[in-house]
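Q: I am attaching a structure below and will ask some questions about it afterwards.
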Amino acid sequence: MAAGIDDYRRKCWDAALHAYGTGYIFQKRTSRLKYKTDLLTWVGFAVPLLVGALVGTFGKGKVWSLVLVIASVIGAAQLALSLWSLVKRWPEELSYSAASATANESLASRFAALGEDPPSLHLLRTQFEKMTVEDTARRERDNEKGVSEKERRMGMRAALRKFRRQCPACQLTPTSMDPSDCGVCGKF
């Protein structure tokens, strides 16, 4: 039996839901990574600049040797964190997460628009198949980034909330991003 317009509309809305949820996950990752890298960069510049400015302005003394020791400890910790950020590839992960969030939000919007106002069945099928190819490629890349189950539940809740849909497990339509006890849209 061939799929009709209603079948494709449902598929479009389901794809929009999943793409939006994934975009939400990577948007949250982007925010976290941006905060970490900004903080690391700030400490890396602020500590040496402050110490240099203070020592240059106020001279030497016993207090300044203590300031230099404290600044050296902070500098060593900052160097260790910088090394950790390079090992964990924070800059690359930040860039990927931002791009993925944008791409998934675009897919979600396009799937939703197609589901909301579908063209003729033939055109709907063609557009859906093209977008599905793009969505599949995006999912494959995103799956390589180790999305956790907690993140998946958070993304599901965000998507259910956005599209005002009931969770298939708890039968509730989320109205906030506060985690629930549901194993599908909560516990994050």
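Every read-out reported here was derived from the displayed coordinates using simple, explicitly stated rules and does not represent laboratory data. Since we're looking at a predicted model, the values are computed, not measured. Methodologically, a virtual Cβ is constructed for each residue, glycine included, from the backbone with ideal geometry; neighbour enumeration extends over all protein chains shown.
Q: Once you measure Cβ to Cβ distances between cysteines in the chain, which Cys have no partner under 4.7 Å?
A: For the chain, the answer is C12, because their Cβ atoms have no other cysteine Cβ under 4.7 Å.
Q: Quote to one decimal, in nm, the extra length available between K62 and S148 on full extension: 0.36 nm per residue of separation minus the C-alpha distance between them.
A: Working: separation 86, 0.36 × 86 = 30.96 nm, distance 5.10 nm.
Using 0.36 nm per residue and subtracting the Cα-Cα distance, I get 25.9 nm.
Q: Want the number for S109 to E140: 0.36 nm per residue separation, take away the alpha-carbon distance, what's left?
A: 9.2 nm
Q: Rounded, prolate or oblate: pick one for the chain, where a ≥ b ≥ c are the square roots of the eigenvalues of its C-alpha gyration tensor, a/c under 1.5 means rounded, and failing that, prolate if a/b is larger than b/c, else oblate.
A: Numbers: a/c = 3.91, a/b = 2.74, b/c = 1.43.
Here the chain falls in the prolate category.
Q: Treat every Asp and Glu Cβ in segment 5-147 as -1 and every Lys and Arg Cβ as +1, leave all other atoms uncharged, and give the resulting dipole magnitude about the Cα centre to the nearest 20 debye.
A: Numbers: 19 positive and 15 negative charges, 149 e Å.
The calculated dipole for segment 5-147 is roughly 720 debye.
Q: Farthest toward the dipole's positive end in segment 5-147, which of G52, N143, L17, given Cβ charges of +1 (Lys, Arg) and -1 (Asp, Glu) about the Cα centre?
A: The residue sitting farthest along the positive end of the dipole is G52.
Q: I would also like to ask the following. Between D117 and S31, what is 0.36 nm times their sequence separation minus the Cα-Cα distance? Round to one decimal in nm.
A: Numbers: separation 86, 0.36 × 86 = 30.96 nm, distance 3.31 nm.
Contour length minus the Cα-Cα distance gives 27.7 nm.
Q: Could you check the spin-label model distance between K88 and V55? Points 7 Å from the Cα along Cα→Cβ, value in nm.
A: 3.0 nm
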